[in-house]
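Here the structure is laid out as structure tokens; the discussion comes afterwards.
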Amino acid sequence: MSEISLLDQIKTDIVSGSLERGRPLRQLELSERYGVSRIPIRDAISILRNQGWLVPHGKAGSMIPELCWHEAEDLYQMRSILESRLLEFAFDRLTFETLGRARDINHQLNSDTLSLIERGQLNWEFHATLYQAANRPTLFNVVSGLNEQVRRYLGFQYGPLKYKDVSQTEHDTLLRFLEQKDKQGATELLKHHIEAAGTQLVRYLKSTTNN
């Protein structure tokens, strides 16, 4: 198993709940689970900690953090502000080719065979394709990190919340605004796109958890 596929498999098991949240992760157990040596497991754990998928536990251990509504709320509120700003910076630099790439990615997102991790990655690639035109690497990297953490909640957004069709429709509308050079319409829709999904997620988490 390659490092990339190992990372994706661990992320998939975290999102699906196959790896229990709030329980310390043992390298030996993971090595046996995924059929690899402890070295790639150690490297994967290090990457996952840096990406926010794992948190420190004890002196040298790691643990899958619980999902909580206030973290989800913080993430979508930061995304709403920063991504709207990135799109504003990118707006005048967007080309026909860039919008075409974004539309191709959005078409791939219509597939029903994608895993949650694949869908989350493609969703970010759709947005990233637009934001990269801003040429604001510091802001882009912050937004990228926020989106990586948001993927931990994909099991809710594409599961019980059934947000896929709404998300796809809003992506199409966003591209239409951009093609029509409607800056205000595009930025307002992006803000709504992020906030509506975030608000729905937070409401669901509040109803199902005690944190």
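The values are calculated or read from the model by the stated rules, or taken from the named source; none is laboratory data. What you are looking at is a predicted structure, and each value in this text was computed from that prediction instead of being measured. Cβ sites come from the backbone with ideal geometry, for glycine too, and all protein chains shown count toward neighbours.
Quick check on Val150: is it outside the structural domain of Gly17 (by TED's automatic domain parsing), more than 16 Å from Ile81 (Cα to Cα), β-branched (Val, Ile, Thr) and touching a helix residue (DSSP H, G or I) at 6+ places or on another chain (Cβ under 8 Å)? Against the criterion (outside the structural domain of Gly17 (by TED's automatic domain parsing), more than 16 Å from Ile81 (Cα to Cα), β-branched (Val, Ile, Thr) and touching a helix residue (DSSP H, G or I) at 6+ places or on another chain (Cβ under 8 Å)), Val150 does not qualify.
Is there a residue being modelled with pLDDT under 95 and within 20 Å of Gln77 (Cα to Cα) anywhere in segment 119-135? Yes, segment 119-135 contains at least one residue that is modelled with pLDDT under 95 and within 20 Å of Gln77 (Cα to Cα). Scanning segment 162-175 for any residue that is at pLDDT below 95, assigned to a loop (DSSP other than H, G, I, E, B) and in the same structural domain as Leu87 (by TED's automatic domain parsing) turns up at least one such residue.
Return a yes/no flag: does segment 15-32 have any residue that is surrounded by 12 or more Cβ atoms within 10 Å (Cβ to Cβ), closer than 30 Å to Leu174 by Cβ and touching a residue at least 24 places away in the same chain (Cβ under 8 Å). Yes; the residues of segment 15-32 include at least one that is surrounded by 12 or more Cβ atoms within 10 Å (Cβ to Cβ), closer than 30 Å to Leu174 by Cβ and touching a residue at least 24 places away in the same chain (Cβ under 8 Å). Kindly establish whether Gly155 is under 16 Å from the mean Cα position of the chain (by Cα) and modelled with pLDDT of 90 or more. No, not satisfied.
Just a yes or no: is a residue in segment 45-53 among the small types (Gly, Ala, Ser), in contact (Cβ under 8 Å) with a residue 60 or more places away in the chain and farther than 24 Å from Thr173 by Cβ? Taking every residue of segment 45-53 in turn, at least one turns out to be among the small types (Gly, Ala, Ser), in contact (Cβ under 8 Å) with a residue 60 or more places away in the chain and farther than 24 Å from Thr173 by Cβ. Looking at segment 106-128, is at least one residue outside any helix (DSSP H, G or I), closer than 18 Å to Val143 by Cβ, assigned by TED's automatic domain parsing to the domain that holds Glu170 and of a type outside the set (Phe, Trp, Tyr)? There is no residue in segment 106-128 that is outside any helix (DSSP H, G or I), closer than 18 Å to Val143 by Cβ, assigned by TED's automatic domain parsing to the domain that holds Glu170 and of a type outside the set (Phe, Trp, Tyr).
Is it true that some residue in segment 79-87 is touching a residue at least 24 places away in the same chain (Cβ under 8 Å) and closer than 24 Å to Leu19 by Cα? The answer is no; no qualifying residue exists. In the set Ile39, Ile45, only one residue is over 24 Å from Tyr158 (Cβ atoms) and out of contact with any Ser or Thr (no Cβ under 7 Å at 6 or more places or on another chain); that residue is Ile39. Would you check if Glu170 is among the acidic types (Asp, Glu), farther than 12 Å from Asn123 by Cβ and touching a helix residue (DSSP H, G or I) at 6+ places or on another chain (Cβ under 7 Å)? So Glu170 does not fit the description; no. Against the test of being within 29 Å of Lys181 (Cα to Cα) and surrounded by fewer than 17 Cβ atoms within 10 Å (Cβ to Cβ), the options Leu94, Leu139 yield a single qualifying residue, Leu139.
Residues in segment 27-63 that are part of a loop (DSSP other than H, G, I, E, B), farther than 24 Å from Gln121 by Cβ and at pLDDT 90 or above: Ser37 alone. Within segment 178-206, residues that are at pLDDT 95 or above have Cβ atoms under 7 Å from residues that are β-branched (Val, Ile, Thr) in these pairs: Leu189/Thr173, counting only partners at least 6 apart in sequence or on another chain. The residues of segment 4-14 that are touching a residue at least 12 places away in the same chain (Cβ under 8 Å) and within 17 Å of the chain's Cα centre (by Cα), listed by number, are Leu7, Asp8, Gln9, Ile10, Lys11, Thr12, Ile14.
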